[in-house]
Amino acid sequence: MVVRTLAMVMDASKRVEQPNAVSVLPDEIFEAIFSHLTALEKARVAGVCRLFRDIAYRPRLWRSLDTWGLGWDRKVAATISSRCTDLEELTARGAVAALSCIHLKARKLRKLHLDSCADLMDAALGVLIGRHEGLTSVHLDGAAFLTNESIEVIALACPLLESLRVGGFKDCVDKEALTVLFEGCPKLAELSLTDCQMVDEGGLAAATQLQLLSLAGCKVSSWAIAAEVLHKLPNLVGIDVSRTEIWTTNASYLLFNSQSLSILIALDCRCVNDAFISSRLLSLCPRKLAVFILDGDLTRSLACVRSPPNGVAQAAAEVPPQNSPTKPGAKLPAETIPLRSTQTPHLLPMVQTRAQALVTSIADLPSLVSPSSSPLKCTEPGPPVGKSVWEAEEGNDDAVLTSAQRRAADWVECALVHGLQRAAEKKAELERFWLQNGTRALVALLQSEQASVQEKAAVTLADLAIDEADTVTAHVDRSTSIYKEGAIGPLLRLARRPVDSLQGEAMKALGNLCVNKHAAELVVQSGGIGAFLRAANSANKWVAEEAAGALWNLSMNDSLKDRIAAAGVLDALVGLLSRWPKDAEVVQERVAGALANMANHEATSFSMVNGPCLGVLNRLLRTSSHEGLQEQIVRVLANLAAQGDCNTSNNVAIARTPFCLSALVALTKDGPPMLQIEAATALWNLAFDEGVRELIAAEGGVHSLVGLAKQCCGGEFFALQERVTGALWGLSASQGNSVLIGEEGGIPPLIQMARSASEDVQEAAAGVLWNLAFDTRNARIIKAEGGIPALTALSVSPQSTLLAKFMAVLALSYLCDSQAEKDRHYVLRPSDDRKEVFQRISAFVDEHSQHYVSEVPHLETLPRAPPAPKGRRWEVLPGKGPSVLTWQVTSEASTMREVGDLRCSDFEIERFTLMLRDPYETLQHCAAFALLQFTMPGGRHTPHHVAAMRKAGGTEVLSAILSNSAGASKKLRCLVELIVCNIEESGGHTNHKD
């Protein structure tokens, strides 16, 4: 919307005749527009004209800055330092970015957040903090190398500090450092020491001003001593003890004896659990408590903390009186008495009676909580305490949170999202929690007013939606729970925020959700495609990377590909490939991955080959050295060629693209294994086209593939073996390529792969050997290299596919027929192992032809009937015996459907036709069975095979066999009769060009 508004302003300015029409508009309009742009977008707009540069660089538009994805370093910081004079909030990611911030002239800086600063040292932090004495909030996350000296420096340099969050300290936070901190920062109201190695609880005794304390994941020497110290703090309102070893007795002592404590966060805490909350002892606590545990309803408690003060009376009126009946098993509200402390009256309710128990339902919070069909479970000992039970300040009747109340609510959200993020590391152990309450709480946190909370919630949702980050496999239950809790809408809203980190993490979460088919459909219905395209065009490379990944995952759903294409995504993806420079290969890789998925769809593949897509892909394939990008580009070509099996225009278009075939051949020779697999797959698909397979051979494809087959045949590289063998299978359909494969030494590795443990490798190897055995020179090499035992074993192996057995039998028939014996050197002499080969061939033919041979005992006595209309079948006439068209039923039962994808050349069909007259009856049966399968109605290449038979004089041969009832066996005559019926059936609708 912001970009559209800016475009409208520019268009309006062009319609004005004055040359400086833009300057007529007030600067406030442009400032309002530019305030919705990210840092990189403002820098891009600044290059339009001098006026835009002056406005975009004004310091008041740079009051907040996040270095996420900006490539932040010293040079960048020095470049924009003049714009940061009014900078108030700075978030730096990484130690390098943190050190670069020293060069900013941000004297008005109030909030400093350093994230993932594991390499940051005390001296560097001291220099950075020392230049910004007006800091009120300092957050240090992942500060592994910082020591107590850093805490003392912060205490001395930041007298106005109100919030300090430190995470990941490896050093013990000792008493001296804490004492200096509390004395040097009298306004310090919030202290978070999360995941620190050790905290000296004695140093907390001086924190009289402290209101909010987090010790999540920290160790203390004694929780009994810590509880004794903490309960004496007069202003302590909330404490976070998540992932600690605090005992139930220590927690009870702290809650009962503290004068002000009303918020307890104990996520993933062993002793503070549902049993502790339900205990009768805790129900006697003199105050209302908001307790956050994994067993409880976090969303409900969070909503109460965020609700305004004037909701108390209305919510309290909904609670039944004290003596009213309650549901069985319902928990009684905690008894309340007047508070003994009046030091912080604005934070806590002055509760006078027990009738003020407060229970806020989800129905009262439609804007904060997504609806759910599951009933809510109240886990609080009484009504949850939060801002819904905090009384407003005296004289303030408006529903406005005070600063202290807002700070407490913000602290609760930060503590919760951090605890949930850490709990996501144990997804399997906490599966029940995530499905019942965890995802709902994260969705509620997505709608926080704090960008850091929203970002962490999106990160956690992205992690929960999948099982493994590497394979991107959707976890069905968790991803379903996430989108059913209403996460897609808030995530799409975050994707439109002018904050790069929010856009990027929202795109990542949405992309991971799109792996779930139903979630992907909901994303599309919610306008996710447009959001992905806008983010993919972001000036921030990391945002574009996550958006491209989301499009990649979305395009895996076949049912959505038409809608994706209709939205103009194909042209946008091709434009993204051309837009990004060489240092953005990851973006280009994900864009190419999306195109590869879209190419695996017939309609979209044809539109891709007719546009600029192939040219852009070919250029990147030849110029880029990024392995991931090359792999995805080759996948695009392979998928486009796979669609060309029905329409060879795709294959021809790829082959005509300059240097495309040569690049694929080069990758099979010198590329890494994954690229070799994809390149071999592309060549396999392209080799289905007769003209293209000759071009591949001309580019050295046979030599490269045979060399690769020799390299990989010995191991268990089944994926590579299958693709290489498949590519050779496609190329060997040409007589010249078949001879070349034999001359290059390709037969020995193929025989070895015919013995592979993988049935897919066996099938492809059998297909190549079948094609190679057609030539007598190759046939002799097959025999010499031990190919006959391999083929015979393959024809009877229970681990082999039916298609592999069929092709092995056909290869064996080539080695034995009279055509092979025309050469003076027999391939198989009568005295050799021809008997065993014939037994294998005969066993296979008998097994797969006995069904319909037994069903047609008197086929020769039946009159011929016309073929059935297309889509219809003849029925058996009662009392007439077997119908003349019984073959239509029985042959379907014995049809090998996989054979319908095989395409034989005219020479192969002619050879099978001649084999019908072979002196050996076994070969006659084999040839008849093969022709029966190749001419089955409905087969992809049946019209071609029928035409080839007629061209080779097959009809005359078939008629001669049927007329010679004395010389032909019953099985042969049955098979031939069925072939004739197949030919007549196909002859009725073979008008199209083959």
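The values are calculated or read from the model by the stated rules, or taken from the named source; none is laboratory data. Since we're looking at a predicted model, the values are computed, not measured. Ideal geometry is used to build each Cβ from the backbone, glycine not excepted, and the neighbour counts take in all protein chains shown. Ligands, DNA and RNA are excluded from the accessible area calculation, which covers all protein heavy atoms including side chains. Shrake-Rupley method; radii C 1.70, N 1.55, O 1.52, S 1.80 Å.
Just a few scattered comments:
- Subset tally (residues that are touching a Ser or Thr at 6+ places or on another chain (Cβ under 6 Å) and surrounded by 24 or more Cβ atoms within 10 Å (Cβ to Cβ)) for the stretch 472-484: 1
- Counted residues, the stretch 225-241 - those being more than 15 Å from Leu191 (Cβ to Cβ) and either outside any helix (DSSP H, G or I) or open to solvent by less than 60 Å² (accessible area, probe 1.4 Å) (or both): 4
Here's the yes/no breakdown for (1) assigned to a helix (DSSP H, G or I); (2) farther than 26 Å from Ala544 by Cβ; (3) touching a strand residue (DSSP E or B) at 6+ places or on another chain (Cβ under 9 Å); (4) at pLDDT below 90:
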position: Asp398; (1), (2), (3), (4): no, yes, no, yes
position: Gln421; (1), (2), (3), (4): yes, no, no, no
position: Glu425; (1), (2), (3), (4): yes, yes, no, yes
position: Ala458; (1), (2), (3), (4): yes, no, no, no
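- Residue match in the stretch 779-795 (condition: of a type outside the set (Gly, Ala, Ser), surrounded by fewer than 24 Cβ atoms within 10 Å (Cβ to Cβ) and closer than 19 Å to Gly714 by Cα): yes
- In a residue-by-residue description of the stretch 690-706, the property of being over 29 Å from the mean Cα position of the chain (by Cα) and free of Cβ contacts under 8 Å to residues at least 24 places away in the same chain applies to at least one position.
- Hey, Ile151 open to solvent by less than 20 Å² (accessible area, probe 1.4 Å), more than 35 Å from the chain's Cα centre (by Cα) and among the aliphatic types (A, V, I, L, M) or not: yes
- Meets criteria (within 37 Å of the chain's Cα centre (by Cα) and closer than 23 Å to Ala698 by Cα) for Ala754: no
- Residues that are free of Cβ contacts under 8 Å to residues at least 60 places away in the same chain and closer than 17 Å to Ala960 by Cα, drawn from the stretch 907-931: Glu910, Phe912, Thr913, Arg917, Glu921, Gln924, Ala928, Leu931
- Residue check, Ser137 among the small types (Gly, Ala, Ser), touching a residue at least 40 places away in the same chain (Cβ under 8 Å) and either in contact with a strand residue (DSSP E or B) (Cβ under 7 Å, 6 or more places away or on another chain) or under 25 Å from Ala409 (Cα atoms) (or both): no
- Selected residue (criterion: surrounded by the fewest Cβ atoms within 10 Å (Cβ to Cβ)) from residues of the stretch 951-973 that are more than 24 Å from Asp906 (Cα to Cα) and hydrophobic (A, V, I, L, M, F, W, C): Ala966
- Condition met for Ser538 (open to solvent by less than 10 Å² (accessible area, probe 1.4 Å), outside any helix (DSSP H, G or I), outside the structural domain of Ala46 (by the TED database) and not hydrophobic (A, V, I, L, M, F, W, C)): yes
- Qualifying residue in the stretch 585-593 (condition: surrounded by fewer than 21 Cβ atoms within 10 Å (Cβ to Cβ), over 23 Å from Ala680 (Cβ atoms), β-branched (Val, Ile, Thr) and modelled with pLDDT under 90): yes
- Number of positions in the stretch 666-706 that are open to solvent by 10 Å² or more (accessible area, probe 1.4 Å) and of a type in the set (A, V, I, L, M, F, W, C): 9
- Tallying residues that are open to solvent by 10 Å² or more (accessible area, probe 1.4 Å), part of a helix (DSSP H, G or I) and aliphatic (A, V, I, L, M) within the stretch 738-778 yields 2.
- Every residue from the stretch 707-721 that is buried (at least 17 other Cβ atoms within 10 Å of the Cβ) and part of a loop (DSSP other than H, G, I, E, B): Cys713, Phe717
- Counting only helices (runs of 4 or more DSSP H) that sit completely within the stretch 86-200, those holding 3 or more residues that are more than 30 Å from Ala227 (Cβ to Cβ) correspond to 95-100, 122-130, 148-157.
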